[in-house]
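The values are calculated or read from the model by the stated rules, or taken from the named source; none is laboratory data. Just so it is clear, the model here is predicted, and its values are computed rather than measured. Here Cβ is always computed from backbone atoms with ideal geometry, including for glycine, and neighbour counts include all displayed protein chains. Keep in mind that these areas ignore ligands, DNA and RNA; they rest on the heavy atoms of the full protein, side chains included. Shrake-Rupley method; radii C 1.70, N 1.55, O 1.52, S 1.80 Å.
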Amino acid sequence: MTGPINSLPGDSACPCGGGDYALCCAAYLRRESWPATAEALMRSRYTAFAVGDSEYLLRTWHPRTRPESLDLDDRHWDGLSLTEVLDGTEDDQMGIVGFTAHWSVGRERGTLIERSAFVRRGGRWFYLAATPGGE
Ligand SMILES: [Zn+2]
């Protein structure tokens with residue numbers, strides 16, 4: 001069970017592994033600011049998956065590839081490690097972030113390995129799609 005994101009205390013560890021939630025993804029999930037880099041957006045989207053915030057996932061998805069709606073499954077997201085960060089700074093228009101994410105459902109365990117492409121649009125980073133070439 002996950003409660004609303006705002007109930008996650010600021011001093012708890014951020015689901016993305018980036019340190020204290022208050023200093024990591026909290027401001028993005030509370031819609032107070034927008035991630036300044038592709039990496040920060042990727043981390044905040046992982047956190048949104050972890051807490052079940054599908055609206056955040058949709059709003060950070062590029063309109064060209066965004067689904068109409070998103071039903072999150074029952075997976076519990078247990079950890080994230082980044083394997084590659086290519087561009088995606090405030091000086092770029094595109095960025096690639098490779099990652100490994102671990103999940104579980106009951107006793108079942110799995111790993112998601114993806115290489116995500118991000119683009120900047122109107123000064124904001126958006127998730128575009130998974131790209132080929134991930135190892
Ligand atoms: Zn975080």
**Request:** Scan region 8-36 and report the pairs whose first residue is touching a residue at least 60 places away in the same chain (Cβ under 8 Å) and of a type in the set (A, V, I, L, M) and whose second residue is open to solvent by 70 Å² or more (accessible area, probe 1.4 Å) and away from the ligand (no atom under 12 Å from the Cβ), with Cβ atoms within less than 6 Å and a gap of 6+ or a chain change.
**Result:** Ala36/Glu90
**Message:** Could you check region 18-48 and list, in sequence order, the residues that are near the ligand (Cβ under 7 Å from one of its atoms) and either open to solvent by 30 Å² or more (accessible area, probe 1.4 Å) or of a type in the set (Lys, Arg) (or both)?
**Reply:** Gly18, Arg43
**Message:** Being acidic (Asp, Glu) and more than 13 Å from the chain's Cα centre (by Cα) is the filter here; which residues of region 48-86 pass it?
**Reply:** Glu68, Asp71, Asp73, Asp74, Asp78, Glu84
**Message:** What's the total number of residues in region 79-108 that are over 21 Å from Trp34 (Cα atoms) and touching a residue at least 12 places away in the same chain (Cβ under 8 Å)?
**Reply:** 10
**Message:** Can you go through Ser81, Ser44, Ser33 and tell me which one is modelled with pLDDT of 95 or more, farther than 16 Å from Trp125 by Cβ and of a type in the set (Gly, Ala, Ser)?
**Reply:** Ser81
**Request:** Taking Thr89 as the residue in question, decide whether it is more than 16 Å from the ligand (Cβ to nearest atom), of a type in the set (S, T, N, Q) and within 23 Å of Thr131 (Cα to Cα).
**Result:** yes
**Asked** Scanning for something within 24 Å of Pro132 (Cβ to Cβ), among the aromatic types (Phe, Trp, Tyr) and within 15 Å of the chain's Cα centre (by Cα), does region 97-112 turn up at least one residue?
**Response** yes
**Asked** Looking at region 49-62, which of the residues that are open to solvent by 10 Å² or more (accessible area, probe 1.4 Å) and touching a helix residue (DSSP H, G or I) at 6+ places or on another chain (Cβ under 8 Å) is farthest from the ligand (Cβ to nearest atom)?
**Response** Ser54
